[in-house]
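The values are calculated or read from the model by the stated rules, or taken from the named source; none is laboratory data. Being a predicted model, the structure only gives us computed values, none of them experimental. Positions of Cβ are generated from backbone atoms using ideal geometry, with glycine treated the same way; all protein chains shown enter the neighbour counts. For the accessible areas, the whole protein counts, side chains as well, though only heavy atoms, and no ligand, DNA or RNA atoms are used. Shrake-Rupley method; radii C 1.70, N 1.55, O 1.52, S 1.80 Å.
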Amino acid sequence: MNKIIFGLPTFVIWVVSLVSPVAHAQNADSQTFHIDSQRLQGTLEKLSEFGRNPEGGVTRLGFSETDLAAREYVMGLMKEAGLEVRIDPAGNIFGLRAGSEKLPILLFGSHIDSVLHGGNFDGDVGSMGAIEVMRALKDGSVKTRHPLEAVIWTNEEGNHFGIGTLGSAVASGSRGAEILEVKDEQGLTLGDWLRRYDQNPLHLTDARIPKGALAGFLELHIEQGPNLYEDKVPIGVVQGIVGIKRWDCVVNGFANHAGTTPMNRRKDALAAASKDVLAVRDVVRAEEGRQVGTVGYLKVNPGAVNVIPGRVEFPVELRDLDSTKVDRMWEHIQQKLTDIDKAENVETRCSLVDHSEPARADPKLQTAIREAAKSLSLATTDLPSLAGQDAQEIARIAPMAMIFVPSKDGISHSPKEFTSWQDVGNGAEVLYRSILLLDGQLDRR
Ligand SMILES: [Zn+2]
């Protein structure tokens, strides 16, 4: 066996060069990376030191001393990449690279804040990936028509202040001055923290990005789910970020003596709610597709060992890219809940408490990502983002698309979060190529 393998390469090289020397050379050249995977790994490893936990991973909440220190590091990298760095009044960091024409900005980036006991890849890959793209463009002295800008959005996870995608939501105009007085556990307001970030809270809404200012927004991110990893597909083309609807439901039965009330005369709210939980799961599973539905908790009243539960509260959350599917599932769920009410002799009422519309990715931007991956012979698959993202906010004001890379075993928001360095490098190179493709394609007269 060894002999054959040893002998093979010379023979193959000889045949290939004989048959199509040009095609071979072009192919090899087109697959050469522009970004430096090792340098990217180095910056990601350095970033992981800010807020590192003993068990691995990080705790780097938005609006914290740890976040502040990490931001300093990131801004230093941006300056090294020759970018013009500025911070907007919401704390979002931008690094601008001039273009040769007067055109809207092509924006790309992610976030560097984490959840409590989070991992080293969620947000970080897209943030360091964006900066690596800028460094590679500088190395290659590449000129673009559009101005390019790397962005680090503030407090995406929202573990601090309970407001997710905070920076991008202010930029998109969906949040404004109303959030400034929100207090954290220490009694500090968001306004106080913005001042610590050297910003004037009174100018918060100046962070709004007007429609038309951006040619597009691209975000590289880990999938945070198992699809790419299990299917061994290196690049995911995000179709959009799912819409989320949440209802609060209350089951009213009758609290009574657990010993003296015969089984056929009970109005047991918990028995009914238990059926409701399974009804939600059944309805969501009955549809084709990647939709998800969850009952996250049950609050049982009075909650005593010898009392039949008289009242139960629970939330229902449904997520999908298609809002009509969400509404259809909810109708089915309501029918089932009504049937369960009758069978269990209780009354259930639900009210909508939270609602975010799905954000669709832009077809042109998605095509560019597919083309970029194809030029590297990397397989792609289309999939939705089941998690919330800054990109869903920016979709309100500009065309948006996301590049996903695999998450090992689909684990995220955990110290065990992991994406191989090869997958990280692939994602950054696809980002690099997508941006150059779009720079050539967009805003042509
Ligand atoms: Zn994220």
Completion exercise
Going through (1) away from the ligand (no atom under 16 Å from the Cβ); (2) farther than 18 Å from Gly216 by Cβ; (3) crowded, with 22+ Cβ neighbours inside 10 Å one by one, Leu148 fails only at (2)
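Residues are listed down the side, and each one gets a yes or a no for (1) over 30 Å from Glu101 (Cα atoms); (2) modelled with pLDDT of 95 or more; (3) surrounded by fewer than 19 Cβ atoms within 10 Å (Cβ to Cβ):
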| position | (1), (2), (3) |
| --- | --- |
| Arg195 | yes, yes, yes |
| Ile209 | no, yes, no |
| Leu214 | no, yes, no |
| Pro234 | yes, yes, no |
| Phe254 | yes, yes, yes |
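Just to verify a result, which residue in region 126-145, among those that are under 24 Å from Ser64 (Cα atoms) and touching a strand residue (DSSP E or B) at 6+ places or on another chain (Cβ under 8 Å), is nearest to the ligand (Cβ to nearest atom)? Spell out the reasoning first.
Applying the first criterion (under 24 Å from Ser64 (Cα atoms)) to region 126-145 yields 126-131.
Okay, now just the ones that are also touching a strand residue (DSSP E or B) at 6+ places or on another chain (Cβ under 8 Å), so 126-127, 129-131.
Details: Gly126: 8, Ser127: 10, Gly129: 12, Ala130: 13, Ile131: 16 Å.
Here the answer is Gly126.
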Exercise for the section: Take Leu365 and decide whether it is in contact with a Pro (Cβ under 8 Å, 6 or more places away or on another chain) and in a loop (DSSP other than H, G, I, E, B). Expected result: no
Problem - Conditions (1) more than 16 Å from the ligand (Cβ to nearest atom); (2) open to solvent by 50 Å² or more (accessible area, probe 1.4 Å): number failed by Asn426 - result: (2)
Practice task
Name the residue, out of Lys364, Lys374, that is without any contact (Cβ under 8 Å) to a residue 40 or more places away in the chain and within 26 Å of Lys143 (Cα to Cα).
Solution key: Lys374
Exercise for the section: Return only the number of the condition from (1) open to solvent by less than 30 Å² (accessible area, probe 1.4 Å); (2) within 16 Å of the ligand (Cβ to nearest atom); (3) touching an Asp or Glu at 6+ places or on another chain (Cβ under 7 Å) that Val74 does not satisfy. Expected result: (3)
Problem - Unique residue being in contact with a helix residue (DSSP H, G or I) (Cβ under 8 Å, 6 or more places away or on another chain) and more than 13 Å from Val238 (Cβ to Cβ) when the list is Ile369, Ile403, Ile411, Ile397 - result: Ile397
Fill in the blank from the handout: Residues of region 429-445 being buried (at least 18 other Cβ atoms within 10 Å of the Cβ) and part of a loop (DSSP other than H, G, I, E, B), in sequence order, are Leu442
Fill in the blank from the handout: Turns out the strands (runs of 3 or more DSSP E) fully within region 276-358 with at least 3 residues that are open to solvent by less than 60 Å² (accessible area, probe 1.4 Å), of a type in the set (A, V, I, L, M) and over 23 Å from His257 (Cβ atoms) are none
Exercise for the section: Take region 139-156 and flag every residue that is assigned to a loop (DSSP other than H, G, I, E, B) and of a type in the set (Asp, Glu). Expected result: Glu156
Problem - Ala136 being on the phi < 0 side of the Ramachandran plot, open to solvent by less than 10 Å² (accessible area, probe 1.4 Å) and either in a loop (DSSP other than H, G, I, E, B) or touching a Lys or Arg at 6+ places or on another chain (Cβ under 6 Å) (or both) - result: no
Completion exercise
From the option list Ala304, Ala286, single residue qualifying as over 24 Å from Arg246 (Cα atoms) and of a type in the set (Gly, Ala, Ser) is Ala304
Exercise for the section: Within region 98-125, count every residue that is more than 15 Å from Phe217 (Cα to Cα) and either hydrophobic (A, V, I, L, M, F, W, C) or more than 16 Å from the ligand (Cβ to nearest atom) (or both). Expected result: 10
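Can you tell me which residue is farthest from Asp409 (Cα to Cα) among those in region 219-243 that are aliphatic (A, V, I, L, M) and touching a Leu at 6+ places or on another chain (Cβ under 7 Å)?
Step one: of region 219-243, the residues aliphatic (A, V, I, L, M) are 220, 222, 228, 233, 235, 237-238, 241-242.
So of that shortlist, the ones also touching a Leu at 6+ places or on another chain (Cβ under 7 Å) come out as 220, 235, 238, 242.
On the way: Leu220: 19, Ile235: 16, Val238: 19, Val242: 21 Å.
Among those that are aliphatic (A, V, I, L, M) and touching a Leu at 6+ places or on another chain (Cβ under 7 Å), it is Val242.
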Completion exercise
Of the conditions (1) open to solvent by less than 50 Å² (accessible area, probe 1.4 Å); (2) within 16 Å of the ligand (Cβ to nearest atom); (3) assigned to a loop (DSSP other than H, G, I, E, B); (4) not acidic (Asp, Glu), the single one that Asn159 does not satisfy is (1)
Handout entry: Condition broken by Glu157, with the remaining ones in (1) touching a Lys or Arg at 6+ places or on another chain (Cβ under 7 Å); (2) modelled with pLDDT under 95 satisfied
Key = (1)
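With open to solvent by 10 Å² or more (accessible area, probe 1.4 Å) and either modelled with pLDDT under 95 or more than 16 Å from the ligand (Cβ to nearest atom) (or both) as the only criterion, which of Pro415, Pro384, Pro399 stands out?
On inspection, the qualifying residue turns out to be Pro399.
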Completion exercise
Matching residues in region 162-179 (without any contact (Cβ under 8 Å) to a residue 60 or more places away in the chain, open to solvent by less than 20 Å² (accessible area, probe 1.4 Å) and either away from the ligand (no atom under 16 Å from the Cβ) or in contact with a strand residue (DSSP E or B) (Cβ under 6 Å, 6 or more places away or on another chain) (or both)) number 2
Handout entry: Residue list for region 402-412, filter: hydrophobic (A, V, I, L, M, F, W, C) and open to solvent by 50 Å² or more (accessible area, probe 1.4 Å)
Key = Ile411
